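Engineer: Input: one structure, supplied below.
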Amino acid sequence: MVRWILLFILLLIIGRLFWRMVDGIIEAAGGTPRSRRAPTRRPAVRLVRDPVCGTHVAPATALSLAADGTTHYFCSEKCRAEFKKRR
Ligand SMILES: [Zn+2]
(Lines give C-alpha, C1' and ligand atoms only; values in the text may rest on other atoms or scores of the structure.)
Protein backbone atom coordinates (compact mmCIF):
# COMPACT_ATOMS: atom_id res chain seq x y z
CA MET A 1 0.00 0.00 0.00
CA VAL A 2 2.75 2.45 0.99
CA ARG A 3 4.54 1.57 -2.22
CA TRP A 4 1.53 2.71 -4.28
CA ILE A 5 1.40 6.04 -2.46
CA LEU A 6 5.12 6.58 -3.07
CA LEU A 7 4.65 5.67 -6.73
CA PHE A 8 1.77 8.15 -7.00
CA ILE A 9 3.85 10.96 -5.45
CA LEU A 10 6.72 10.10 -7.77
CA LEU A 11 4.41 10.32 -10.79
CA LEU A 12 3.13 13.72 -9.57
CA ILE A 13 6.70 15.04 -9.33
CA ILE A 14 7.60 13.66 -12.77
CA GLY A 15 4.42 15.15 -14.23
CA ARG A 16 5.19 18.55 -12.75
CA LEU A 17 8.76 18.47 -14.04
CA PHE A 18 7.48 17.40 -17.45
CA TRP A 19 5.09 20.37 -17.73
CA ARG A 20 7.78 22.77 -16.53
CA MET A 21 10.04 21.41 -19.27
CA VAL A 22 7.26 21.82 -21.88
CA ASP A 23 6.75 25.43 -20.76
CA GLY A 24 10.48 26.01 -21.09
CA ILE A 25 10.48 24.63 -24.63
CA ILE A 26 7.48 26.78 -25.63
CA GLU A 27 9.11 29.85 -24.10
CA ALA A 28 12.39 29.12 -25.89
CA ALA A 29 10.48 28.80 -29.18
CA GLY A 30 9.16 32.34 -28.71
CA GLY A 31 5.66 31.48 -27.55
CA THR A 32 3.95 32.21 -24.28
CA PRO A 33 3.94 29.40 -21.71
CA ARG A 34 0.43 28.20 -20.88
CA SER A 35 0.72 29.22 -17.23
CA ARG A 36 1.59 32.83 -18.05
CA ARG A 37 -0.69 33.42 -21.04
CA ALA A 38 -2.86 36.52 -20.65
CA PRO A 39 -6.58 35.75 -20.92
CA THR A 40 -7.43 38.89 -22.88
CA ARG A 41 -5.79 40.63 -25.80
CA ARG A 42 -5.68 44.40 -25.61
CA PRO A 43 -4.94 46.78 -28.45
CA ALA A 44 -1.76 48.83 -28.07
CA VAL A 45 -3.76 52.04 -27.75
CA ARG A 46 -6.99 51.94 -25.82
CA LEU A 47 -9.79 53.80 -27.54
CA VAL A 48 -12.93 55.21 -26.00
CA ARG A 49 -16.19 56.00 -27.72
CA ASP A 50 -17.46 59.53 -28.11
CA PRO A 51 -20.99 59.24 -26.61
CA VAL A 52 -22.35 61.91 -28.97
CA CYS A 53 -21.21 60.93 -32.46
CA GLY A 54 -19.84 57.43 -31.77
CA THR A 55 -16.32 58.11 -33.02
CA HIS A 56 -13.53 56.21 -31.27
CA VAL A 57 -10.96 58.54 -29.81
CA ALA A 58 -7.71 58.12 -27.87
CA PRO A 59 -8.13 59.49 -24.31
CA ALA A 60 -4.68 61.07 -24.45
CA THR A 61 -5.64 63.40 -27.29
CA ALA A 62 -9.41 63.67 -26.80
CA LEU A 63 -11.39 66.34 -25.01
CA SER A 64 -12.71 65.05 -21.72
CA LEU A 65 -15.53 65.78 -19.33
CA ALA A 66 -15.93 64.23 -15.89
CA ALA A 67 -19.56 63.37 -15.20
CA ASP A 68 -21.52 60.71 -13.25
CA GLY A 69 -18.32 59.45 -11.63
CA THR A 70 -16.72 58.60 -14.96
CA THR A 71 -14.81 60.57 -17.56
CA HIS A 72 -16.34 60.97 -21.01
CA TYR A 73 -14.17 61.65 -24.04
CA PHE A 74 -15.13 63.62 -27.12
CA CYS A 75 -13.68 64.08 -30.58
CA SER A 76 -14.36 67.81 -30.64
CA GLU A 77 -15.56 70.77 -28.62
CA LYS A 78 -18.82 70.58 -30.57
CA CYS A 79 -19.56 67.07 -29.26
CA ARG A 80 -18.66 68.05 -25.71
CA ALA A 81 -21.02 71.03 -25.89
CA GLU A 82 -23.75 68.78 -27.31
CA PHE A 83 -23.24 66.28 -24.46
CA LYS A 84 -23.52 69.05 -21.84
CA LYS A 85 -26.70 70.32 -23.51
CA ARG A 86 -28.32 66.85 -23.43
CA ARG A 87 -27.72 66.35 -19.72
ZN1 LIG B 1 -17.77 63.43 -31.69
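The values are calculated or read from the model by the stated rules, or taken from the named source; none is laboratory data. Since this is a predicted model, take the numbers as computed values, not measurements. Quick reminder, even Gly has a Cβ in these numbers, built from the backbone with ideal geometry, and neighbours come from all protein chains shown. For the accessible areas, the whole protein counts, side chains as well, though only heavy atoms, and no ligand, DNA or RNA atoms are used. Shrake-Rupley method; radii C 1.70, N 1.55, O 1.52, S 1.80 Å.
Engineer: Out of 27, 82, 77, I need the residue that is within 13 Å of the ligand (Cβ to nearest atom) and either surrounded by fewer than 10 Cβ atoms within 10 Å (Cβ to Cβ) or modelled with pLDDT under 95 (or both). Which one?
Structural biologist: Result: 77 is the single residue among 27, 82, 77 that is within 13 Å of the ligand (Cβ to nearest atom) and either surrounded by fewer than 10 Cβ atoms within 10 Å (Cβ to Cβ) or modelled with pLDDT under 95 (or both).
Engineer: Can you tell me which residue in the stretch 40-74 is least open to solvent (accessible area, probe 1.4 Å), limited to those that are at pLDDT below 95 and of a type in the set (Val, Ile, Thr)?
Structural biologist: Selected residue: 48.
Engineer: Which pairs turn up if I take residues in the stretch 58-87 that are at negative phi and of a type in the set (Ser, Thr, Tyr) and look for partners that are within 13 Å of the ligand (Cβ to nearest atom) and not in a strand (DSSP E or B) with beta carbon separation below 6 Å, at least 6 apart in sequence or on another chain?
Structural biologist: The qualifying pairs are 73/62.
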